[in-house]
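All remarks here apply to the structure that follows.
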Amino acid sequence: MVRSMRLPAGLALLAACASADGPYRRDVVLGPTTKKVKVRMFWIRDALSCASVMDRCALGQDDFDRMRPKIEAALSQYGGAYNQTLLHVNFGLEGASPHEPDCTVQLQDSWKILPVIRVHDLYKDPSLTDCARYSAKLAGGSFLTWLRSKGIKLDFIGSSNLARAVETAVPFFFEQDHDLLRSVVRGKREVTPVPYLAERAPNVPAALQVDNQPRPFQEQKKLLTKAKYLNLAVGERFAETWPRDGQQFEKFKALLATQIVPLLGNLRDTMPWAAAPEEQFREALEATQPASLKRENHGKVGVQFDWAGGSYETGNSFLRHEYNRLEAEEVTIAFVGHGQMMADYCEDGDAHEKPASNAVYEKLFVMEVTPGVQRGDVQFARTVMRELAGTCGKVMDGPSSSEVVSSLVRRDVAVCQDPFVVSEWIGLKSTPLSEKIFGNSKPTPCMAMADKPDAYSVLPSYRDEGLSITI
């Protein structure tokens, strides 16, 4: 039996009958009724990085001896066990095949044969290509113009911890017309990298994905500053004490519900009790939830864990029409993420292709937060996070990655030099002598593709009908 508590008479019997871990465990609500919050998340796919465009290998066995030192130097960036790992000479350098368009090599450590890997997986935390940076700005202008036309304002802008996501967010949102930006962003004008959103390539050993491992924050920030992005402002809240790599969608949802949403807009004043203490929450999250989550397990088993003064759990899914009819305060947020994760959690992994670069999807959540809940002799706030059933709504599309990559010329990947000069791996033509001498302000074919009026177009279901629709 629980210890005696000073409870209102009508609740005393319930508390007396409750046990913290018994078969008749009950939560006793002491405070106001449950508060519901609608959360509309726009999920944007990152623009193409220096590693992404390497999936069009133009080299082969004849190039192995020439490229071997460069590949082994990139491999040494892993450190530890891979610092002395070499390439298997008999395997050499495999070029593109119908099943694998990337250049591939095989690792060898002493007598042991290690996995076959894609060369682009060794490109550490890559930056955007020159063309991708150009296209992200145009795509963002189209999306923000649509937001303004619908009267939608963003309360928060975030990204994964990977450089290419941060680099996409800056031109997409902040290298825009000042009046346009002011009309749609009411939160801080900065991109805040958050944990649990990093990319994870399927069927590739996790330890061999340097392209999906973010650099330390301060190192990454120096590189971003060196790239001379306009209006660069990167939030540091989650930079030092939270995990920087890894992907776990349920952990991201819990973080969203307890560390981000309660601090946005009017919620900071109306429900300050909904924000969990950061350190206690992080410790409970890391201790109780697995490091990774398979897509097929998403939503199959409920998530529930407690910390001192709080509780989080996932609730039942809902349909879009229920969200539209719910009368509750709404916050609108945007995150730049990555293609495979978006395909897994926006399209249930059933899409034949990943979302296009700079494409925008809409993910909906409903938060239900109850303060003053009594469980045994502990009083806490309980947060329940519910998620839209089925697939996400596609708000804005863009040119396919295959179209973009096939249009590239050397000027589009001029920034892609370390650890690999990307242009030589994918067989791009040399820069004309006239362009070397006089420069060239004319858009490349890749840039011209992004310049087309319909390149980044909001889909009719969102453009014509607004957001209160059934898809």
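Rule-based calculations on the coordinates, nothing more; no lab input. Quantities reported herein were computed from a predicted structural model and do not represent experimental measurements. Cβ atoms come from the backbone with ideal geometry, glycine included; neighbour counts cover every protein chain shown.
Of note:
- With 31 Å as the limit on Cα-Cα distance, the pairs of LYS294/LYS429; LYS363/LYS442; LYS38/LYS228; LYS36/LYS124; LYS153/LYS442; LYS36/LYS251 that go past it are LYS294/LYS429; LYS363/LYS442; LYS38/LYS228; LYS36/LYS124; LYS153/LYS442.
- Other residues whose C-beta falls under 9 angstrom from the C-beta of ARG40 contribute a net charge of 0, scoring Lys and Arg +1 and Asp and Glu -1.
- Remark: the THR288-ALA389 segment gains 33.9 nm on full extension, using 0.36 nm per residue and subtracting the alpha carbon distance.
- Projected-area mean, segment 151-196, by convex hull of Cα positions, square nanometres: 3.2
- Estimated vicinal HN-Hα couplings, Hz - segment 140-145 in sequence order (Karplus 6.51, -1.76, 1.60; Gly, Pro = x): x, x, 5, 5, 5, 5
- For segment 206-251, GluC sites (Glu not before Pro) are listed when DSSP marks them as loop and at most 10 other Cβ atoms sit within 10 Å of their Cβ; the list is GLU240.
- Length released on extending from ASN316 to ALA227, taking residue separation times 0.36 nm less the Cα-Cα span: 27.6 nm
- Protection proxy ranking, highest mean first, for peptides 69-75, 296-302: 69-75, 296-302, where packing is the per-residue count of other beta-carbon atoms within 10 Å, averaged.
- Residue (of GLY141, LEU114, THR104) at the positive-pole extreme of segment 102-154, dipole from beta-carbon charges: GLY141
- At 1.002 mPa s and 20 °C, Stokes D of segment 186-247 from Kirkwood alpha-carbon radius, µm² per second: 163
- Cβ-defined net charge surrounding VAL105, 9 Å radius [Lys, Arg +1; Asp, Glu -1]: +1
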